[in-house]
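Q: Next up is a structure, given as structure tokens.
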Amino acid sequence: MKEILKFGGASIKDAKSITAVSKIIKDYPNHNIVIVFSAIATVTNLLEGLVEAYHRKDDDVVIKFNEIKSLHISISKNLFEQEHFIFDIINNLFVEIEWALEEEPNQMYSYDYDQIVSVGELLSSHIMSEYLKIDGFKNELIDIRDVFKSDNNYQNANIDWDLTKEICKQKIKNIPVVTQGFLACSSENFTTTLGREGSDYSAAILGNVLNAERVVIWKDVNGVLNSDPRHFSDSKLLDELSFSEAIELAYYGAKVIHPKTIQPLQVKNIPLQVRSFINLENPGTIINDCQITYDMPSYIVKEKQILVSISDKKLSFIVEEHLSYIFSLLDKYNLSVNLMQNSAVSFSLCIDNSKNSVKFLNELRNKFDVLYNSNLVLYTIRHYNNQSLSSFIKNKKIILEQKSRNTVQLITE
Ligand code: ADP
Ligand code: ASP
Ligand code: MG
């Protein structure tokens, strides 16, 4: 019985938590496991800041680089003897970043991003594999870039499933295995990444191609809750969810699971357990092919939203041709629509505020009259009832409301 265990950045944020994760792995009843690690907490953000500074040619590139390097060295000093070879591995990985930083930035920002930001997962997986070994847990470290083959859509690469399946069968034989989340490799042999928070998806890909019995993702919360505890004080655990309900929650923005995670598991009916690395006695949430009715509303919050209202410059009707052009621009800038609504002469859509949303709005203005409100909050309530809804909207200034049988979405200031 093979299982995939995935540990996110929060679970390995310092030496103490790394020691605790090692214990979880050693005590886990099944050692027929593949263990996927994200970068240590905050490291992906720090590396992202480094790539941005390098592209802008800021003065603090070296300061940013040194901050990330010392973070890894200081954590490792609390885990390993001074002469352990992990320090050479860490130094070598940082030399690779240094070499990249000495070059002129590539025209393609996302290429540089993937080459540099990927080092976060290489560092954490090496540290974890070696620490597990000295803690008595034998394992083989596999570079997932030798296994996950993708296209070269940097920062959001698409997996070549057939090739990945074939290689996986050959390469992942000796278990237990430690590997990286988030990373893959293009046919030109360049590192690619699968999109922010993509390590959950990596675990699901492994679950699918290895026909695992179960995938377990370990979080700093007890499982999937009916709301984000960072926004609500009374979040409740959902013990069991169907694959389709989990896809809906993730799609609307419940940040606990990456939206791409469920589909590779659903097609092979592989259960996904979301559980806490802190409260080990709590089994968390199990996501499977169950058919259940949900009587408790779930709340999903998306901040930093922009509501864009688009109309024709001559106030003529917004017809399919306009919509097709608007969607081609959304595709060009890789933007997802969180909500949309149309009337005869205008079309409104709600998107995340990002660098690309600014570019999108600028290009849109060439053809349309564009008005927008920014810094809004989008609430999605699944399985709402009239009582919970009316108490929820009390004292909120609602700009737009959209209801279907199961879901209500509200945009507020
Ligand atoms: P990872 O360490 O795997 O990267 P994340 O930080 O991405 O973990 O996900 C865990 C966080 O997701 C929690 O700390 C919680 O604040 C947030 N979260 C958002 N929505 C939910 C939800 N519905 N249930 C549980 N946690 C949620
Ligand atoms: N380290 C990556 C990120 O922070 C991937 C992940 O953690 O899932 O986005
Ligand atoms: Mg995460």
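Q: Any residue at all in the stretch 93-112 that's away from ligand 3 (no atom under 16 Å from the Cβ), in a loop (DSSP other than H, G, I, E, B), open to solvent by 70 Å² or more (accessible area, probe 1.4 Å) and among the aliphatic types (A, V, I, L, M)?
A: Within the stretch 93-112, the subset away from ligand 3 (no atom under 16 Å from the Cβ) is 93-112.
With in a loop (DSSP other than H, G, I, E, B) added as a condition, the list becomes 103-108.
So of that shortlist, the ones also open to solvent by 70 Å² or more (accessible area, probe 1.4 Å) come out as 103-104, 107-108.
Right, trim to among the aliphatic types (A, V, I, L, M) and you get 108.
Yes: one or more hits.
Q: Are any residues in the stretch 173-190 open to solvent by less than 10 Å² (accessible area, probe 1.4 Å), more than 16 Å from ligand 3 (Cβ to nearest atom) and under 24 Å from Ile12 (Cβ atoms), and if so, which ones?
A: Val177, Val178, Thr179, Ala184, Cys185
Q: Looking only at residues that are open to solvent by less than 10 Å² (accessible area, probe 1.4 Å) and of a type outside the set (A, V, I, L, M) in the stretch 246-272, which one is farthest from Ile286 (Cα to Cα)?
A: The qualifying residue farthest from Ile286 (Cα to Cα) is Pro264.
Q: Separate question: Evaluate the stretch 198-210: report whether one residue or more is farther than 24 Å from Met1 by Cβ and open to solvent by 30 Å² or more (accessible area, probe 1.4 Å).
A: The answer is no, given that none of the residues of the stretch 198-210 is farther than 24 Å from Met1 by Cβ and open to solvent by 30 Å² or more (accessible area, probe 1.4 Å).
Q: Would you pick out the residues in the stretch 303-324 that are under 24 Å from Ser354 (Cβ atoms) and open to solvent by 60 Å² or more (accessible area, probe 1.4 Å)?
A: Glu303, Lys304, Ser324
Q: Give me the pairs: first residue in the stretch 63-88 and surrounded by 13 or more Cβ atoms within 10 Å (Cβ to Cβ), second residue hydroxyl-bearing (Ser, Thr, Tyr), beta-carbon distance under 7 Å, and six or more apart or on different chains, which are they?
A: Final answer for the pair search is Leu79/Tyr131; Ile86/Ser76; Phe87/Ser76.
Q: Further question: State which residue is farthest from Leu389 (Cα to Cα) when the search covers only the stretch 259-296 and only residues that are assigned to a helix (DSSP H, G or I) and among the aliphatic types (A, V, I, L, M).
A: So the residue we want is Leu265.
Q: List pairs: first residue in the stretch 234-263 and in contact (Cβ under 8 Å) with a residue 40 or more places away in the chain and within 13 Å of ligand 1 (Cβ to nearest atom), second residue of a type in the set (D, E, K, R) and open to solvent by 70 Å² or more (accessible area, probe 1.4 Å) anywhere in the structure, Cβ distance under 6 angstrom, at least six positions apart or on different chains.
A: Between residues of the stretch 234-263 that are in contact (Cβ under 8 Å) with a residue 40 or more places away in the chain and within 13 Å of ligand 1 (Cβ to nearest atom) and residues that are of a type in the set (D, E, K, R) and open to solvent by 70 Å² or more (accessible area, probe 1.4 Å), the close pairs are His258/Glu197.
Q: For the stretch 280-302, does any single residue satisfy the condition of being within 16 Å of ligand 3 (Cβ to nearest atom), β-branched (Val, Ile, Thr) and free of Cβ contacts under 8 Å to residues at least 60 places away in the same chain?
A: no
Q: Cβ-Cβ distance below 6 Å, separation of 6 or more or different chains: which pairs start in the stretch 16-32 with a residue that is open to solvent by 30 Å² or more (accessible area, probe 1.4 Å) and end on one that is among the hydrophobic types (A, V, I, L, M, F, W, C) and at pLDDT 95 or above?
A: Lys26/Phe137
Q: If you take the residues in the stretch 1-15 that are at pLDDT 95 or above and open to solvent by 20 Å² or more (accessible area, probe 1.4 Å), which one is nearest to ligand 3 (Cβ to nearest atom)? I'd like the intermediate steps shown before the answer.
A: Let us first name the residues in the stretch 1-15 that are at pLDDT 95 or above, namely 3-15.
Narrowing the set further to residues that are open to solvent by 20 Å² or more (accessible area, probe 1.4 Å) leaves 10, 13-14.
On the way: Ala10: 7, Lys13: 12, Asp14: 16 Å.
Top of the filtered list is Ala10.
Q: Can you name the number of the only condition in (1) within 16 Å of Val408 (Cα to Cα); (2) among the hydrophobic types (A, V, I, L, M, F, W, C); (3) open to solvent by less than 80 Å² (accessible area, probe 1.4 Å) that Phe368 fails?
A: (1)
Q: Which residue out of Ile18, Ile90, Ile24 is more than 16 Å from ligand 1 (Cβ to nearest atom), modelled with pLDDT of 95 or more and either of a type in the set (Lys, Arg) or not in a strand (DSSP E or B) (or both)?
A: On inspection, the qualifying residue turns out to be Ile90.
Q: Just for the stretch 296-322: of the residues that are at pLDDT 85 or above and among the charged types (D, E, K, R), which one is farthest from Leu378 (Cα to Cα)?
A: That would be Glu321.
Q: For Glu248, only one of the following conditions fails: (1) acidic (Asp, Glu); (2) under 18 Å from the mean Cα position of the chain (by Cα); (3) in a loop (DSSP other than H, G, I, E, B). What is its number?
A: (3)
Q: Which of (1) under 25 Å from Leu47 (Cα atoms); (2) away from ligand 1 (no atom under 13 Å from the Cβ); (3) open to solvent by 50 Å² or more (accessible area, probe 1.4 Å) does Asp220 not meet, given it meets every other one?
A: It is condition (2) that Asp220 fails.
Q: Taking the condition within 19 Å of the chain's Cα centre (by Cα) and in a strand (DSSP E or B), does Val256 pass?
A: no
The values are calculated or read from the model by the stated rules, or taken from the named source; none is laboratory data. These numbers come from a predicted model, not from an experiment. All Cβ positions, even for glycine, are placed from backbone atoms using ideal geometry, and neighbour counts span all protein chains on display. Side chains included, ligands, DNA and RNA excluded: accessible areas come from the protein's heavy atoms. Shrake-Rupley method; radii C 1.70, N 1.55, O 1.52, S 1.80 Å.
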